[in-house]
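The values are calculated or read from the model by the stated rules, or taken from the named source; none is laboratory data. Computed from a predicted model, the values in this text were never measured in an experiment. Virtual Cβ from ideal backbone geometry, glycine too; neighbours counted across all protein chains shown. Heavy atoms of the whole protein, side chains included, go into the accessibility calculation; ligands, DNA and RNA do not. Shrake-Rupley method; radii C 1.70, N 1.55, O 1.52, S 1.80 Å.
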Amino acid sequence: MTTPTGSDRSHESVINDTLARVLRERLGFSAVAESLVNGRRPDIIVRLPQAAPIVLEIEFEPARTVQADALSRLGMEIDGAKVQNAFAVTVPARLRATDQRDLFDRLEASTLQWQEWRSDGTSGPKLSGKVSELGNAVTLATPPSGDLDETVNVLDEGARRAGVILYRAPGTLARVANVFRAPPGDEVAHMARSSSSTPCSSKRDSPVNRIRSRPRRCPYGRGDILEVRPTPNLGRDTGSRLLPDIHHG
C-alpha cells in the first residue's frame, strides 16, 4: 500500500489490522498486519503450512497503486523464503467512514476485489467476493511455473508409494483386472510386481517427462521401460482403454 499521510494512513492501518483479524478469527489463518520485515512493511502477511508466505496489499477504491504495491512484494524474503504470490486487494471506499467498533462485521460482509500476481510474471483473473472467498483464493494460490517441476516430483513419489501399498493389498489384482475388464492373469500380476520394485529417483522420470518422451526408463523398477499402448487382447473390446506394458531392458 502506498503510504499516505494524516487520517488516510490511520484509516488504512485500521483496515489492514481488521482484515488480518478477520482472516485469523473467521478462517483460522496465520495473518499479521504491517509487520516489519527486512526494512519493509507489507500490509498483510499470510503464512500457510508448507508454503512460502503470501502477501496481501490493501487499498481503498479506486486503488490506483495497489497492483504496483503487490508486484513490489514479489521476491522479498520472509522467514527465509521468497514471496512468490502476492494479492492486490481493493476495499470499498465507503468503509473509510465506518466506525472502528463496527468495522470487523462490515468488512467481513463487504465485497472485496482482488487479483493474484506471481513471481514468474503471470497473474490470475480479477475476482470479487467476500473475505471468505478471498481466503479460498489465497489458500489455492497457484505456484509459479518454476515450482511445478518440484511439485510434480512430490506428487510422483506420493503416487508411487500409494501404488506400492495398493498392489500389496489383498484382492488388488482382482479389482485392477475388473477396472480394465481383463482377467487377473500374468499381465496384471506383472504390473503389481513391477509397481513394488525399487523405484528410480531421477527427476527426469516425473509423470510430465514420461508423457513428453515415451518410452522412458525406470518408472517402476530398475531397468524397466514403460510403454502405454492397447493390449492385443483388449484393443477390439475396450476401444480407448489402455494398459501399461512393462518390458525388462
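For the pair Ala162 and Asp120, how long in nm is the line joining their label points, each one 7 Å along Cα→Cβ?
2.3
Could you compute the FRET efficiency for Leu27 and Asp99, with r as their C-beta to C-beta distance and R0 at 30 Å, rounded to 0.05?
The pair Leu27/Asp99 has a calculated efficiency of 0.80.
Computing the accessible area with a 1.4 Å probe over protein heavy atoms, can you report the carbon and sulfur percentage for region 43-117?
Answer for region 43-117: carbon and sulfur cover 44 percent of the accessible area.
³J(HN,Hα) across region 44-58 via Karplus (A = 6.51, B = -1.76, C = 1.60, θ = phi - 60°), whole Hz, x for Gly/Pro?
9, 10, 10, 10, 9, x, 6, 8, 5, x, 10, 9, 10, 9, 10
Between region 14-34 and region 102-146, what's the alpha-carbon centroid distance in Å?
14
Return the FRET efficiency for the residue pair Thr142, Arg40: r is the Cβ-Cβ distance, R0 is 25 Å, and the value is rounded to the nearest 0.05. Mind showing how you got there, number by number?
Values: r = 24 Å, r/R0 = 0.95.
Computed FRET efficiency for Thr142 and Arg40 comes out at 0.55.
Just how much of Asp79 is accessible, in Å², when a 1.4 Å probe is used and the result is rounded to the nearest 10?
110
Once you wrap a convex hull around the alpha carbon atoms of region 28-118, what is its projected area averaged over all directions, in nm²?
Value for region 28-118: 6.4 nm².
Let me know the shape class of region 11-55, please: from the alpha-carbon gyration tensor, a ≥ b ≥ c as square roots of the eigenvalues, rounded when a/c is under 1.5, otherwise prolate if a/b is greater than b/c, or oblate.
Values: a/c = 3.01, a/b = 1.05, b/c = 2.86.
Oblate shape, in that a/c is at least 1.5 and b/c is the bigger or equal ratio.
Can you give the log10 of the normalised intensity I(q)/I(0) at q = 0.13, 0.20 Å⁻¹, computed with Debye over equal Cα scatterers of region 66-152?
-0.51, -0.97
Using a 1.4 Å probe and ignoring any ligands, DNA or RNA, find the accessible area of Arg106 and quote it in Å² to the nearest 10.
For Arg106, solvent-accessible area is about 120 Å².
Taking all protein chains together and a probe of 1.4 Å, list Val164, Val154 from the most accessible to the least accessible.
Final ranking, largest accessible area leading: Val154, Val164.
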